[in-house]
Amino acid sequence: MPLGGRFAPGGYPDDMDEHNERGTTMTGVDPDRLDDQQLMKELETIHRTRHDTLLHGSNDALRAHNDRMAKLEGEYLRRNPDRFVAPSRTRDGARERDTATESGGRGGRADTPVGKWGPGSAGGTGRPGRGTKEGPGGE
């Protein structure tokens, strides 16, 4: 700063205001500066915390979470334009799955919930000993 410049109270130069970041949200390192391993770790973390932020976070927290997730996911897609896409995760694949379900194919009845452990297990774990008939207290 040149001598004779303007100073705010306390002896600080007036242009210090451009460094005042009060009221702004710190959202982490810019995704394009992360290496691939760091980017994946950030994505895993933000996806793991998403549900809790949605249910219990303030509107500002949810907005910051949305912004950060969009930036991280956008960077991932930019780096991996030819990533593997599972056929069942496309519209055509979903339509085929619906058709198979309606016609009694692999999926069973169309109204049968499908959980983590297969058809009909959406209401429980589907594993013995964890709240099923075969497990403790289940008969």
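Condition test on LEU72, is it open to solvent by 40 Å² or more (accessible area, probe 1.4 Å), assigned to a helix (DSSP H, G or I) and at pLDDT 85 or above? Answer is no for this residue. Looking only at residues of region 41-69 that are open to solvent by 80 Å² or more (accessible area, probe 1.4 Å) and either over 14 Å from the mean Cα position of the chain (by Cα) or not charged (D, E, K, R) (or both), we find that the one that is nearest to ASN80 (Cα to Cα) is HIS47.
The values are calculated or read from the model by the stated rules, or taken from the named source; none is laboratory data. None of the values given here were measured: they were computed from a predicted structure. Calculation scope for accessible area: heavy atoms of the full protein, side chains included, ligands and nucleic acids excluded. Shrake-Rupley method; radii C 1.70, N 1.55, O 1.52, S 1.80 Å.
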